[in-house]
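Heads up: the structure comes next, in C-alpha cells.
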Amino acid sequence: MTQSQARIVHLDDTSPNRRRGGDLRAVLTPTTTGCTSGFMGLAIVGPGERIGEHYHPYSEEFVYVVSGALEVDLDGATHTLRPDQGLMIPIDVRHRFRNVGDTEARMVFHLGPLAPRPELGHVDTEGADAAGETAAAPAVPPDPAGARA
C-alpha cells in the first residue's frame, strides 16, 4: 500500500486489546493503512473498568470522549472527562483512565509522532488483569539510543 491511498477501516476489522484494561482498538495504524505520522483508535471502557497507568516517551496523545463518564489521572492529578471534551496529553505524562459512570464509555485516541520502534511507544507503569484490576508494574525506560520521530 502506498501513502497516497485512502483506506477505510471498520471497528469490526480490529481485534480487542484488553491487556491494559478496557477494550482498546487500534483502527488506523501503519499496519492497517500505511500511515507514517501516528495512529488512531477507540477505547471502549465498561462501567468500573480502567485503563492502567502508562506514558508515551515519543508521542503526544489526543483523546476525545464520545460517550460515557471518565476520569483521567495526569501525573497523579484527577480530572473529569465528559462527552464532547478533548484532551491533549504531553509526551512523558503518566496517565490512566477510569469509567466512573454506569454506562459504557467510548473515547477516540490519536498518538503522534510514532516512536522509532513500536515497542518503545508505550511504557506501562501498571499492569491489568483479566477483570480490569490494575497492579503496579515496573516502568520500562525508553531506549536511550532511540531518536524522536
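The values are calculated or read from the model by the stated rules, or taken from the named source; none is laboratory data. Just so it is clear, the model here is predicted, and its values are computed rather than measured. With ideal geometry, Cβ positions are generated from the backbone for all residues, glycine too; neighbour counts draw on all protein chains shown. SASA here: full protein model, heavy atoms, side chains in, ligands and nucleic acids out. Shrake-Rupley method; radii C 1.70, N 1.55, O 1.52, S 1.80 Å.
Observations on the structure shown:
- Along principal axes, Cα extents of the range 1-122, largest first, whole Å: 42, 30, 26
- 5 Å binning of all Cα-Cα separations within the range 38-85, expressed as whole percents from 0 upward: 5, 16, 27, 30, 18, 4, 0
- Ellipsoid semi-axes in whole angstrom, largest first, where each is sqrt(5λ) of the Cα gyration tensor of the range 81-131: 23, 17, 10
- Once all protein chains are placed together, E60 keeps about 70 Å² accessible to a 1.4 angstrom probe.
- Largest-first ordering by accessible area, 1.4 Å probe, given options D75, D102: D102, D75
- Accessible surface of D124, taken over heavy atoms with a 1.4 Å probe and every protein chain present, rounds to 40 Å².
- Given charges at Cβ of Lys, Arg, Asp, Glu: the range 1-122 dipole, positive-most of G46, F62, H122: H122
- Share of carbon and sulfur in the accessible heavy-atom surface of the range 2-43 [1.4 Å probe, %]: 53
- With DNA, RNA and ligands ignored, accessible area of F109 (1.4 Å probe; Å², nearest 10): 20
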